[in-house]
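Written out below as structure tokens is the structure these notes cover.
The values are calculated or read from the model by the stated rules, or taken from the named source; none is laboratory data. As the structure is a prediction and not an experimental result, all values here were calculated from the model. Every residue, glycine among them, receives a Cβ derived from its backbone with ideal geometry; neighbour counts consider all protein chains shown. When the accessible area is computed, the model is the full protein with side chains, heavy atoms only, and any ligands, DNA or RNA have been set aside. Shrake-Rupley method; radii C 1.70, N 1.55, O 1.52, S 1.80 Å.
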Amino acid sequence: MTTNKLKNPSLDLEKYDGTRRRSSALEAQGFPTISVPKDDIDDKILLKKQSVKRVFGYPITIPFIISNEFCERFSYYGMRTVLMIYLTKKLMMNKDDASDWYHEFVALCYATPLLGALIADVFLGKYLTILILSVVYCIGNAIMALTAVGMWFPAASNPEGATDIQPQTWGPLLGLQIIALGTGGIKPCVSSFGGDQFLKSESGRVQRYFSMFYFSINAGSTVATLLTPELRSSSCMGETTCFPLAFGVPAFFMVLAVIAFVLASKWYVKVPPLGNPIVDVAKVSWAMATSKTSPEELFGAKKVAETKQLFRVLAVFIPFPFFWALFEQQGSRWIVQAQRLNGQLGSITIKPDQMQVFNPLLILVMIPVFETVVYPLMKKVGIPTGATFRMVAGMVLVACSFLICGFVELGMEERVAAYNEAHMSSYTLETLPQEFQLHILTTIPQIFIITCGEILCSITGLEFAYAYAPASMKSVCQSFFLLTNAFGNIITIIFTKATKRDLHLYFMWAGIEIAAAIAMFFITRQVIGPLEKFKLESCQEEAVKPEDVQMKEVKKK
């Protein structure tokens, strides 16, 4: 059993020697370093992992974690799928205000993972963080469902003689903020908590676990996106819509998520909080910017080099908010467009919010197509397949999807103009009967193109962040990548004020995304050399045999 002091608090507990730093930030406030004997931490964790029951070779806890993720994603996407229509049709917001609130909610969902990671890594550990924030999540869902009952919470300005009662706006707006705290807070914890259940020797099973985890996300999203529009379009409580049910079912699934998670509590391997590297990054960054003393003297050359490498990766992230600014409009502006289109297909009616189901379905289909057909074919004909080309190409495709969206909007406007001219009327896009409008399936090409752009840009961005981030800062890098989504939604709120006409907005966004793609190209060209150099040096360090390191230590002494 080794007695070397642990220098990196993010190392796996199976190699942990017993000295655990709770948080450098807390130590600065006078909290002592927590030291725990190795036998009380490392060996107990290892024995716990070995003693947990197995189901088909996997820890018995894994089915519960997968079930929890399926239910949570159902809850999130089920509520989010009908949100834009609820804001515009039930709360009677105009499309601009509704779009702002929608993107504010999504932005908060992707900003709070940093908070959740800090709470888990510094204070409570993953298990308690997931449990507490899941309960918070349930409260937010309950508020959304209960306040959607207009007869209980009628708005003061509810129109007289209206078929449906308009609820007050405070309920859903409060519920959305609470849900954002819950879903964002647990986002960085659940998948890694599942990884904590495995032994280091089970790398193959860990990989398959993450595949199942990813599948559960898309499965929950797909089922919810198909079901909740049907629920909200049914009649209940004397009204023509049933948003209490559309929000109530996701709330029920979130309760199931908590139950599934708690049922396996006695079997979980619960790794204690070991400190968050974000604190160290902040300290080194501050020293680099303000300290007269060399940061290398304060924190060591390795930590400073790792921080600089992190900043290079973050530089590549700069254009990503513009990618998300367009991508997330599938749930806002594209829903507004779909509401004006003809959804009749034979004896069935395609709901405008149901069109969102094509994205996760296409993701599941197109990822293997890209890996087995598109990328090999690109290599065969001499087209680059590196990360830079893929991310730039993905952004260009997203811009193209908005160009297509703009031409669909133009076709819709021409339909309105032609109908008004033929019937001497003054219909608008909002009032023209849908049977005279373009069909809703006209939007499939733009959905297909933006999905391909997502595969090229978003998935490659995650791979890029993991490949080039220093080993001790990979989780930090992933958290910042999620944060680009939050900034993207804020950008959407700001830029949407540029014009009131959707046609102009779609073409404007396409131009902005082309500019972001150009910026991505030049940024990656500037930093790729230093990124590769650091990565190569890190690989060489890892290749050094442990006995060689020990020999160097002996020679120094």
Can you spot a residue in segment 419-431 that is assigned to a helix (DSSP H, G or I) and touching a helix residue (DSSP H, G or I) at 6+ places or on another chain (Cβ under 9 Å)?
-> yes
Which of the residues spanning segment 465-524 are small (Gly, Ala, Ser) and not in a helix (DSSP H, G or I)?
-> Ala469
Gln446 vs (1) surrounded by 21 or more Cβ atoms within 10 Å (Cβ to Cβ); (2) free of Cβ contacts under 8 Å to residues at least 40 places away in the same chain; (3) of a type outside the set (A, V, I, L, M, F, W, C): all pass except (2)
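Would you mind stating whether Val284 is in a helix (DSSP H, G or I) and buried (at least 18 other Cβ atoms within 10 Å of the Cβ)?
Answer is yes for this residue.
From the list Ala180, Ala219, pick out the single residue that is assigned to a helix (DSSP H, G or I), under 24 Å from the mean Cα position of the chain (by Cα), of a type outside the set (Phe, Trp, Tyr) and surrounded by 20 or more Cβ atoms within 10 Å (Cβ to Cβ). Let's see the steps before the verdict.
On the way: Ala219 fails: surrounded by 20 or more Cβ atoms within 10 Å (Cβ to Cβ).
That would be Ala180, the only listed residue that is assigned to a helix (DSSP H, G or I), under 24 Å from the mean Cα position of the chain (by Cα), of a type outside the set (Phe, Trp, Tyr) and surrounded by 20 or more Cβ atoms within 10 Å (Cβ to Cβ).
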How many residues of segment 260-314 are at positive phi and either of a type in the set (Phe, Trp, Tyr) or free of Cβ contacts under 8 Å to residues at least 24 places away in the same chain (or both)? The answer is 1
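Among the residues that make up segment 259-266, is at least one of them open to solvent by 20 Å² or more (accessible area, probe 1.4 Å), of a type in the set (Gly, Ala, Ser), more than 15 Å from Leu128 (Cα to Cα) and not in a loop (DSSP other than H, G, I, E, B)? Lay out the reasoning, then the answer.
We begin by selecting, within segment 259-266, every residue open to solvent by 20 Å² or more (accessible area, probe 1.4 Å); these are 259, 262-263, 265-266.
After this cut, where a residue has to be of a type in the set (Gly, Ala, Ser) as well, the list is 265.
Remaining after also requiring more than 15 Å from Leu128 (Cα to Cα): none.
Within segment 259-266, not a single residue is open to solvent by 20 Å² or more (accessible area, probe 1.4 Å), of a type in the set (Gly, Ala, Ser), more than 15 Å from Leu128 (Cα to Cα) and not in a loop (DSSP other than H, G, I, E, B).
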Within segment 505-518, count every residue that is over 17 Å from Gln330 (Cα atoms) and either in contact with a Ser or Thr (Cβ under 6 Å, 6 or more places away or on another chain) or not β-branched (Val, Ile, Thr) (or both).
-> 4
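Suppose we filter Lys126, Lys89, Lys53 for residues that are open to solvent by 10 Å² or more (accessible area, probe 1.4 Å) and closer than 30 Å to Phe495 by Cα; which single one remains?
On the way: Lys126 fails: closer than 30 Å to Phe495 by Cα; Lys53 fails: closer than 30 Å to Phe495 by Cα.
On inspection, the qualifying residue turns out to be Lys89.
Applying the selection to segment 60-86, what residues are in a helix (DSSP H, G or I), open to solvent by less than 10 Å² (accessible area, probe 1.4 Å) and not aliphatic (A, V, I, L, M)?
Looking only at segment 60-86, we keep the residues that are in a helix (DSSP H, G or I), and these are 62-81, 83-86.
With the extra rule that they be open to solvent by less than 10 Å² (accessible area, probe 1.4 Å), the set shrinks to 62, 65, 68, 72, 74-76, 78-79, 81, 83-86.
The answer is Asn68, Glu72, Phe74, Ser75, Tyr76, Gly78, Thr81, Tyr86.
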Only one of Ser201, Ser211 is part of a loop (DSSP other than H, G, I, E, B), free of Cβ contacts under 8 Å to residues at least 40 places away in the same chain, of a type in the set (Ser, Thr, Tyr) and out of contact with any strand residue (DSSP E or B) (no Cβ under 7 Å at 6 or more places or on another chain), namely Ser201
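Condition check ((1) closer than 27 Å to Phe105 by Cα; (2) touching a Cys at 6+ places or on another chain (Cβ under 8 Å); (3) modelled with pLDDT of 85 or more) across all residues:
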{"residue": "Leu176", "(1), (2), (3)": "yes, no, yes"}
{"residue": "Asp196", "(1), (2), (3)": "no, no, no"}
{"residue": "Ser211", "(1), (2), (3)": "no, no, no"}
{"residue": "Tyr214", "(1), (2), (3)": "yes, no, no"}
{"residue": "Asn218", "(1), (2), (3)": "yes, no, no"}
{"residue": "Leu227", "(1), (2), (3)": "yes, no, yes"}
{"residue": "Met254", "(1), (2), (3)": "yes, yes, yes"}
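May I ask you to verify whether Ile165 is of a type in the set (A, V, I, L, M) and surrounded by fewer than 21 Cβ atoms within 10 Å (Cβ to Cβ)? Spell out the reasoning first.
Details: of a type in the set (A, V, I, L, M): yes; surrounded by fewer than 21 Cβ atoms within 10 Å (Cβ to Cβ): yes.
So Ile165 fits the description; yes.
In the set Gln550, Gln540, Gln478, which member is within 22 Å of the chain's Cα centre (by Cα) and at pLDDT below 80? Working first, answer last.
Numbers: Gln550 fails: within 22 Å of the chain's Cα centre (by Cα); Gln540 fails: within 22 Å of the chain's Cα centre (by Cα).
One residue alone meets the criteria, Gln478.
From the list Val365, Val369, Val373, Val398, which residue is crowded, with 19+ Cβ neighbours inside 10 Å and either touching a residue at least 60 places away in the same chain (Cβ under 8 Å) or part of a helix (DSSP H, G or I) (or both)? Lay out the reasoning, then the answer.
Numbers: Val365 fails: crowded, with 19+ Cβ neighbours inside 10 Å; Val369 fails: crowded, with 19+ Cβ neighbours inside 10 Å; Val373 fails: crowded, with 19+ Cβ neighbours inside 10 Å.
Step by step, each of Val365, Val369, Val373, Val398 is checked, and only Val398 is crowded, with 19+ Cβ neighbours inside 10 Å and either touching a residue at least 60 places away in the same chain (Cβ under 8 Å) or part of a helix (DSSP H, G or I) (or both).
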Please specify each residue of segment 461-475 satisfying the condition of being under 19 Å from the mean Cα position of the chain (by Cα), more than 24 Å from Val122 (Cα to Cα) and open to solvent by less than 30 Å² (accessible area, probe 1.4 Å).
-> Gly461, Phe464
